[in-house]
Amino acid sequence: MIDPKQLREDPERVRASQRARGENPGLVDAALAADEHRRAALGRFESLRAEQKSLGKQVASAHGEERVALLERSKGLAAQVKATEAEASAAETAYAQAIRALSNLVQEGAPVGGEEDYVVLEHVGTPRDFAAEGFTPRDHLELGELLGAIDVERGAKVSGARFYFLTGVGAQLQLALLSLGMAQAVEAGFIPMITPVLVRPEAMEGTGFLGQAAENVYRLESEDMYLVGTSEVPLAAYHMDEILDLDSLPRRYAGWSSCFRREAGSHGKDTRGIIRVHQFDKVEMFSYCRPEDADAEHLRLLEWEKQMLAKVEVPYRVIDVATGDLGSSAARKFDCEGWVPTQGRYRELTSTSNCTTFQSRRLATRYRRDERGTDFVATLNGTLATTRWLVAILENHQRPDGSVRVPAALRPWLGGREVLEPVDR
């Protein structure tokens, strides 16, 4: 959640952020009103509680009729204290709900607008000219079927639409890609993690995924547990209710997990192949750092993403995501989008977000600043490799006969194999 102090002292900044996101600025006024009611209710309770304690001391030293009168007064006051305590508790709950309805404050400099209002920061690499090479490129699904790498027909038979099997070299290629990503992360000083894919409500809610993104989250109602859409969730909750040592920051983790998304609202979009699916695997970077270091850390995560993209040798561009497409937790987000030849456009391969202290306030994750006290950490995340990368790898490295050249960095993870050849099925 946002800083309550900032909400009270600069509500117009919060309203401006809400408007930039295309969200309701009236929620700011609702949160301010809830805060005022909460503080007033708490004040009434504390005043009556103090009076009750004072009265208790008087009863202890009183005698006779005076004591009887004081006891009678004490009984009435106890009922008032109980009522005001319940009022204060309800007001606290209402305030918590009101302030949690507000998205993170967008960072100054982020482009304002909707999904299509991003700003392109750079292009890296040049898309191949297949016409000049004399052949029409196959899409990733056709290539995957030729290679015996992707089976969506049986995926649908077993699990339904938007499921698939990675088979043979497809499974090997994904393991190679994710292993390469994890190796790079470890070399950069990240702690490798295999994370849970089921989390409790407080972990999912604490990271902000039960707000705008709730419709895409799978819930196991009988267990009151959620399947994660990214290992960001368990990694963010890993230090929930903890105080970290300043000397340990930044603290960086690389999480490998399967991810699950309902893809609500995507009916008819990307129904072919494995671009938009219900289950995929991912290596995710996650960092805890001091708030004043968050901007620099964000750029570091982006650089590590670019290093991985260079290793798989696909053309890509970097975009500064517009405010209306950030998601509730992010103050700023950069995406790297890989070129997909058969679609003639760039598609998201990585995303890195600076969530400032938005998640840590919800999850009560602090660091010991100095002898004077603690403060909330900043949290950041960034994709290092996902199943979707196979789309860009297959299409960009295909050859006229349907074989696919293996990028040099992946070859050691594939037993030195330089080319994936079509197979008889």
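Checked against (1) surrounded by fewer than 22 Cβ atoms within 10 Å (Cβ to Cβ); (2) out of contact with any Ser or Thr (no Cβ under 8 Å at 6 or more places or on another chain), Gly206 meets all criteria but (1). On the given criteria, is Leu410 more than 19 Å from the chain's Cα centre (by Cα) and of a type in the set (A, V, I, L, M, F, W, C)? In short, yes. If you filter segment 90-113 down to residues that are over 19 Å from the mean Cα position of the chain (by Cα), in a loop (DSSP other than H, G, I, E, B) and in contact (Cβ under 8 Å) with a residue 24 or more places away in the chain, you find that the one that is farthest from Gly211 (Cα to Cα) is Gly109.
Specify the residue that is surrounded by the most Cβ atoms within 10 Å (Cβ to Cβ); the eligible residues are those in segment 246-296 that are charged (D, E, K, R), modelled with pLDDT of 95 or more and over 30 Å from Gln343 (Cβ atoms). Step by step, filter segment 246-296, then rank; the result is Arg252. Of all the numbered requirements in (1) more than 26 Å from Leu210 (Cα to Cα); (2) part of a strand (DSSP E or B), Leu299 misses one, and that requirement is (2). Regarding Leu32, is this residue assigned to a helix (DSSP H, G or I) and closer than 19 Å to Ser329 by Cα? For Leu32, the condition - assigned to a helix (DSSP H, G or I) and closer than 19 Å to Ser329 by Cα - is not met.
Only one of these is aromatic (Phe, Trp, Tyr), over 24 Å from Glu187 (Cα atoms) and either outside any loop (DSSP other than H, G, I, E, B) or not assigned by TED's automatic domain parsing to the domain that holds Glu23 (or both): Phe280, Phe286. Name it. On inspection, the qualifying residue turns out to be Phe280. Here segment 309-359 is the region considered, the condition is being free of Cβ contacts under 8 Å to residues at least 60 places away in the same chain and of a type in the set (Gly, Ala, Ser), and the residue that is farthest from Gly109 (Cα to Cα) is Gly344.
Tally up the residues in segment 211-237 that are assigned to a loop (DSSP other than H, G, I, E, B), surrounded by fewer than 19 Cβ atoms within 10 Å (Cβ to Cβ) and within 18 Å of the chain's Cα centre (by Cα), please. Lay out the reasoning, then the answer.
Kept after step one, since they are assigned to a loop (DSSP other than H, G, I, E, B), are these residues of segment 211-237: 211, 217, 221-224, 228-231.
If we keep only those that are surrounded by fewer than 19 Cβ atoms within 10 Å (Cβ to Cβ) as well, we get 211, 217, 221-224.
Pick out the ones that are also within 18 Å of the chain's Cα centre (by Cα) and you get 211, 217.
Final tally of qualifying residues: 2.
Give the number of residues within segment 234-253 that are among the aliphatic types (A, V, I, L, M) and out of contact with any Leu (no Cβ under 7 Å at 6 or more places or on another chain).
If we filter segment 234-253 for residues that are among the aliphatic types (A, V, I, L, M), which is where we start, we get 235-237, 240, 243-244, 246, 249.
Add one more test, that the residue is out of contact with any Leu (no Cβ under 7 Å at 6 or more places or on another chain), and what stays is 235, 243-244, 246, 249.
Qualifying residue count for the region: 5.
Of everything in segment 190-213, what is more than 14 Å from Gln97 (Cα to Cα) and among the hydrophobic types (A, V, I, L, M, F, W, C)? Give them in sequence order. Walk me through how you get there before you give the answer.
Initially, segment 190-213 is screened for residues more than 14 Å from Gln97 (Cα to Cα), giving 190-201, 203-204, 207, 209, 212-213.
Within segment 190-213, Phe190, Ile191, Met193, Ile194, Val197, Leu198, Val199, Ala203, Met204, Phe209, Ala213 qualify.
Answer yes or no: is there a residue in segment 304-323 that is farther than 23 Å from Thr126 by Cα and under 19 Å from the mean Cα position of the chain (by Cα).
Step one: filter segment 304-323 for residues farther than 23 Å from Thr126 by Cα, giving 322-323.
From the residues that got through so far, the ones that are under 19 Å from the mean Cα position of the chain (by Cα) too are 322-323.
Yes, segment 304-323 has at least one match.
Close contacts from segment 154-180, counting a first residue that is touching a residue at least 40 places away in the same chain (Cβ under 8 Å) and a second that is surrounded by fewer than 17 Cβ atoms within 10 Å (Cβ to Cβ) and of a type in the set (Val, Ile, Thr), with Cβ to Cβ under 9 Å and a gap of 6+ residues or different chains, come to Ala161/Thr271; Arg162/Thr271; Gly168/Val423; Val169/Val423. Looking across segment 407-425, the residues that are in a loop (DSSP other than H, G, I, E, B), of a type outside the set (Asp, Glu) and over 11 Å from Leu147 (Cβ atoms) come down to Pro407, Gly415, Gly416, Arg417.
Per the listing Thr350, Thr342, Thr356, the residue uniquely out of contact with any Asp or Glu (no Cβ under 6 Å at 6 or more places or on another chain) and modelled with pLDDT of 95 or more is Thr356.
Number of residues in segment 130-165 that are farther than 22 Å from Trp339 by Cβ and either over 28 Å from the mean Cα position of the chain (by Cα) or aliphatic (A, V, I, L, M) (or both): the value is 9.
Here is a yes/no grid of residues against (1) over 15 Å from Trp389 (Cβ atoms); (2) without any contact (Cβ under 8 Å) to a residue 24 or more places away in the chain; (3) among the acidic types (Asp, Glu):
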residue: Glu187; (1), (2), (3): yes, yes, yes
residue: Thr195; (1), (2), (3): yes, no, no
residue: Met204; (1), (2), (3): yes, no, no
residue: Gly211; (1), (2), (3): yes, no, no
residue: Tyr218; (1), (2), (3): yes, no, no
residue: Ser222; (1), (2), (3): yes, yes, no
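For the residues Val106, Val59, Val81, the requirement of being at pLDDT 95 or above, of a type in the set (Val, Ile, Thr) and not assigned by TED's automatic domain parsing to the domain that holds Cys355 singles out Val106.
Mind listing just one residue for me: the one in segment 82-93 that is buried (at least 18 other Cβ atoms within 10 Å of the Cβ) and small (Gly, Ala, Ser) and, of those, farthest from Leu32 (Cα to Cα)? Spell out the reasoning first.
Within segment 82-93, the first condition is being buried (at least 18 other Cβ atoms within 10 Å of the Cβ), and the residues that meet it are 84, 88, 91.
This time we only want the ones that are small (Gly, Ala, Ser), so: 88, 91.
Numbers: Ala88: 16, Ala91: 12 Å.
Restricting to residues being buried (at least 18 other Cβ atoms within 10 Å of the Cβ) and small (Gly, Ala, Ser), the top hit is Ala88.
Answer yes or no as to whether Glu292 is free of Cβ contacts under 8 Å to residues at least 40 places away in the same chain and of a type outside the set (A, V, I, L, M). Yes, satisfied.
The values are calculated or read from the model by the stated rules, or taken from the named source; none is laboratory data. This one's a predicted model, so the numbers in the text were calculated from it and none came from an experiment. Here Cβ is always computed from backbone atoms with ideal geometry, including for glycine, and neighbour counts include all displayed protein chains.
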